[in-house]
Amino acid sequence: MQTNEMIRSKEPYLVGNGVIVAPSILSADFGNLDQSIATIEDHADWVHVDVMDGHFVPNLTIGPPVVRSFRDHTDKFLDCHLMMTNPGDFFEAFQQAGANNCTFHIEIGNTGDLITQLRMLGLGVGLAVNPETPIESAFEYLDLVDLVLVMSVHPGFGGQKFIEDAIDRVKMLQTEIESRSVSTLIEVDGGVGISNVAKLYKVGARAFVAGSAIFGTEDPGNACDRLRSAALA
């Protein structure tokens, strides 16, 4: 079994004052995914994969076979966000498909067992928290997971407006992380762009998922670079 400290001793979770730009493939051209990935290959840090099951969220997207096809086109860290009611049934399939990290939602329950299951598979562990869920619910797991994904929109659809309360939620989470002297990474997903990324970075977020702000532009690679620069401005 791969322990939490073994995972954390490696990049890409320990980024210090750096920035992780994680384009969401949900906003890419699904008819030309290989080309979409190529546009960000030299600019992004991670590729964020939104997996929706049509039950936990009212939308249906992709699964392990598509993740496997991504792996054929990139060596990037594949950050799989599982918006599913039964993610544990698919962890092994995502591992075999080439995922590096799987993030599941605290709202589905059974959190401790799911963390253990991911550790046994040697996968990075992420815990997502929806906007309506108290951020404090994640505190007891901070020493067990690699990242906490703060949702700044309601999960299920791309292109939503950023929920401003997410900034305060990130600040509260970072304060708790520091008080516990753990190295848990804070990731933010939903409506992230040039206008708000610096505010999120200032209060402790280091990984930023962006969909339309990257793939909705004429030059996704340049959009990655601009987002990184804006965070550090």
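General remarks:
- If you run the Gaussian network model on the chain, springs between alpha carbon atoms under 10 Å, then out of P64, P220, P12 the most flexible one is P12.
- The ellipsoid that matches the Cα gyration tensor of region 44-165 has semi-axes, each √(5λ) in whole angstrom, of 21, 18, 14, with the longest given first.
- Long-range HN-HN contacts of A210 with modeled amide H, under 5 Å: A22, S24
- All C-alpha pair distances within region 130-233, sorted into 5 Å bins from zero, spread as 2, 13, 25, 23, 19, 11, 5, 2, 0 percent across the bins.
- An ellipsoid equivalent to region 4-232, defined through the eigenvalues of its Cα gyration tensor, has semi-axes of 23, 21, 17 Å when rounded to whole angstrom and sorted largest first.
- Spin-label model, M120 to D29: label points 7 Å out along the Cα-to-beta-carbon direction sit 4.3 nm apart.
- Considering helices alone, the calculated mean residue ellipticity of the chain at 222 nm is -9000 deg cm²/dmol, with DSSP H runs of length four and up weighted by -39500 (n - 2.57) and normalised per residue.
- Of F56, F91, F30, the residue with the greatest mean-square motion in the GNM of the chain, using alpha carbon springs below 10 Å, is F30.
- Highest-MSF residue in the chain out of G191, G16, G156 [GNM, Cα springs under 10 Å]: G16
Every number here is computed from the coordinates shown, using simple stated rules; none is lab data. Treat the numbers as computed from the prediction; the structure is a model and nothing was measured. Backbone-built Cβ (ideal geometry, glycine too); neighbour counts: all protein chains shown.
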